[in-house]
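One structure below.
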Amino acid sequence: MDLEKLLTDRLAPAFATVAGGPVDPLVRRSARTDFQSDAALALARRLGRPPRVIAADVLDRADLADVCSVAEVSGPGFLNLTVADDALAGLVSALAADARLGVPVVAEPETVVVDYSAPNVAKEMHVGHLRSTVIGDAAARLLQWLGHRVLRANHVGDWGTPFGMLIEHLVDLGEAEAAQELPMGDLDSFYKAARVKFDADEAFRERSRRRVVALQGGDAATRRLWRMLVQQSARHFLTVYELLDVTLTERDFHGESSYNDLLTPVVEDLDRLGLLRSSNGAACVFPPGQAGRDGEPLPLIVRKSDGGYGYAATDLAAIRHRTGTLGATRLLYLVGLPQRRHFEMVYAVAAQAGWLPAPARAEHVGFGSILGSDGRMLRSRAGGSVKLVGLLEEAIARATLLARERNAELGQVEAAEVGRAVGIGAVKYADLSSDRHRDYVLDWERMLSLDGNTAPYLQYAYSRIRSIFRRAGVAARPEAVIRLTEPAERALAFELVGFGAVVVSVADSLEFHHLAGHLYRLAAAFSAFYERCPVLRADGPVRDSRLLLCDVTARVLRQGLYLLGIRTPDRM
RNA sequence: GCGCCCGUAGCUCAGCGGAUAGAGCAGGGGACUUCUAAUCCCAAGGCCGCAGGUUCGAAUCCUGCCGGGCGCACCA
């Protein structure tokens, strides 16, 4: 039980009596005291009474004695609520005894498909895949922890016309040679070499075209070569996921090709439903309210004029499969904001076709771009895309160097482990700690700073707690009595108790910066507590109480960072 | 032209109907014989892009501008 809810429950009946109907007490944190209720102000006009009188009336009727040490009318009609120390301590004790740290398992679990990462076969993963992968993984972790059935879906780009040229290039190289080159991780040069030949060589182009037809026709030899490309790429993706601490596995790979057999039925059924129209030779659906550059209705092209299927068809087939066969009721798409319109149209068509029956719904969880220090889309010096592995390796190298500089006690092996946890954590946290709709600037200095809203700062707070327990040589006693006498102890307790509500709200909004912000405030509250409230040097009951506060803080930080996909090293 | 996202402290960002707009960084001042000073504390810093409107109350909601980014039929 969090305090907002507890206070709301206590105030609501009193407000209902005074107002003659249900009223949300509008409880929130206050700068002046612990909490405030703003509802009396809004009621004044309706009831024709001064807000201060209403507030006083509510106060008379509300049962707050065991929760608040002070409850008073303030200013124009606010209710200022100061939480009693023992009530707050009681909530912390409940948290200490709760393996789930105040986060309940959902009463009605849903089947949720989280569609994220989606790299392309025969291309190396680049920064463009980072946000989808990081945010998507956080979504999967969080929803799963809440008790939902989460199906991770890696919609790998493993189909389409480029595979003609890629397979022909593979043939030119010779399988043995290619088998050696591909796993080396240099997928990009393979792709580029194929591209160069395709652009320069008419004969190669023609072979590529025939190869596409063979692939789509199911030619066994072609399929075998294609599968080789897919498998080698999958190996690369899995290496990156492991480096990134991302929970995607090979079982989660559901490439575009896996929907091939469903594409024809999609078009046929749209036609049967009367939604399909032919336009310039293409089979289209025109969802209402969408206009193109010329002001004319904008089509969703489900089958191209050459008879081939575009990604709209695949996306529709995937929706159908996910709601129909998999029984999912929530579909999340972790794809950049530029594709917003596409998904609006796809969801509209799916809904029209009856493939998103209530309560099923699809959400485009969009995000902005990663920018370089020049404020433009992050590019390599050569102007190409920045390889993800290179970026992650740089993060690890920088963090390892910092770890060595800052803590001479760390051995070679441990410094490497810390460098990895901190470097990867810093990259992921930078992505998750600001509003996902915004673009953000990749800045190593800021990401790896030990001050401010960064992964290293949170990890450091955690490692300081571990350090206390190492020195103490004992564990916290869960049954110890929590005593909150210092302001820093109270401030810490409030942040601990607020964890559950934040997690629940983020499960809905998928605004992970709210969770990150909460963990940052918790870490900051702990750091202040650490400065002012000695733990090991305190006497008996105070020491026990503080050890327990430390323990609960560590558990919340660890769990919260786990949900963001970030590790918590014991030492830094 | 239409649509979407974004304009808040020098910089990076929170806040999105409630009382004096909050953090961090940078710059200024302090705190290590003490559980990691990779930290903490103090002071300073704001026509909340502009103009109207709604409201008892607007950074927050509505409308119109201005500025930046992105998208607008067979690539995904």
Extending each Cα 7 Å along its Cβ direction at A:Asn280 and A:Val105, get the distance between those two points in nm, one decimal. 5.4 nm
Tell me the per residue accessible area of chain A using a 1.4 Å probe; a whole number in Å² is fine. 45 Å²
So for R0 = 22 Å, FRET eff. of A:His514-A:Met1 from the Cβ-Cβ r, to 0.05, ends up at 0.65
With the contact rule set at Cα under 8 Å and sequence spacing of 6 or more, what percent relative contact order holds for chain A? 15 percent
Nearest 10 degrees, 0 to 90: helix A:85-96 Cα axis against chain A principal axis: 40 degrees
Would you mind getting me the FRET efficiency between A:Ala200 and A:Leu326? Use the beta-carbon distance for r and R0 = 51 Å, nearest 0.05. 0.70
At 7 Å along Cα-to-Cβ for each site, give me the label-to-label distance between A:Thr82 and A:Ser467 in nm. 3.5 nm
Could you state the angle between the C-alpha long axis of helix A:512-532 and the longest principal axis of the C-alpha atoms of chain A, as a value from 0 to 90 degrees rounded to the nearest 10? 40 degrees
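Keeping the other protein chains in place, figure out the carbon and sulfur percent of the accessible area of the stretch A:455-564, with a 1.4 Å probe. The partial results should precede the final answer.
Working: 2130 of 4260 Å².
Using a 1.4 Å probe with all protein chains present, the stretch A:455-564 comes out at 50 percent carbon and sulfur.
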At q = 0.08, 0.09, 0.11 1/Å the base-10 log of I(q)/I(0) from the Debye formula over the alpha-carbon atoms of chain A is -0.69, -0.84, -1.11
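Please report, as a whole percent, how much of the solvent-accessible surface of the stretch A:162-250 comes from carbon and sulfur atoms (probe radius 1.4 Å).
Details: 2380 of 4380 Å².
Whole-percent figure for carbon plus sulfur exposure: 54.
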Taking only C-alpha pairs under 8 Å that are 6+ residues apart, what is the relative contact order of the stretch A:483-559 in percent? 40 percent
Using θ = phi - 60° and the Karplus relation 6.51 cos²θ - 1.76 cosθ + 1.60, list the HN-Hα couplings for the stretch A:280-297 in order, rounded to whole Hz, with x at every Gly or Pro. 6, x, 9, 8, 10, 10, 10, x, x, x, 10, 10, x, 4, 8, x, 6, x
Measure nothing but the geometry: give the 0 to 90° angle between the long axis through the Cα atoms of A:3-19 and the longest principal axis through the Cα atoms of chain A, rounded to 10°. 70 degrees
Assuming 0.36 nm per residue, please report the length gained on full extension of the stretch A:Asp261 to A:Arg571 beyond their Cα-Cα distance. 106.4 nm
Work out the FRET efficiency for A:Glu479 and A:Val70 from their Cβ-Cβ distance, taking R0 = 25 Å, and round it to the nearest 0.05. 0.25
Let me have the 222 nm mean residue ellipticity of chain A computed from DSSP H runs of 4+ only, each contributing -39500 (n - 2.57), with the sum over all residues rounded to the nearest 500. -17500 deg cm²/dmol
Taking a cut-off of 19 Å between Cα atoms, list the lysines near A:Lys192, but don't count ones fewer than 8 places away on the same chain. A:Lys123, A:Lys387
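How high is the relative contact order of the stretch A:278-343, in percent, counting Cα pairs under 8 Å that sit 6 or more residues apart? Don't skip to the answer; put the middle values down first.
Working: 58 pairs, mean separation 13.8, N = 66.
Across the stretch A:278-343, relative contact order equals 21 percent.
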For A:Val70, A:Val427, the accessible-area ranking with a 1.4 Å probe, largest leading, is A:Val70, A:Val427
Under the Karplus relation with 6.51, -1.76 and 1.60 and θ = phi - 60°, whole-Hz ³J(HN,Hα) for the stretch A:486-492, x at Gly and Pro, equal 7, x, 5, 6, 4, 4, 5
So how strong a dipole does the stretch A:455-564 carry about its Cα centre when Lys and Arg Cβ are +1 and Asp and Glu Cβ are -1, to the nearest 20 debye? 460 debye
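The values are calculated or read from the model by the stated rules, or taken from the named source; none is laboratory data. The shown structure was predicted, so the numbers you read here are calculated from the model rather than taken from an experiment. Neighbour counts are summed over all protein chains in view; Cβ atoms, including those assigned to glycine, are modelled from backbone coordinates with ideal geometry. To get the accessible areas, we keep the full protein, side chains included, count just its heavy atoms, and leave off ligands, DNA and RNA. Shrake-Rupley method; radii C 1.70, N 1.55, O 1.52, S 1.80 Å.
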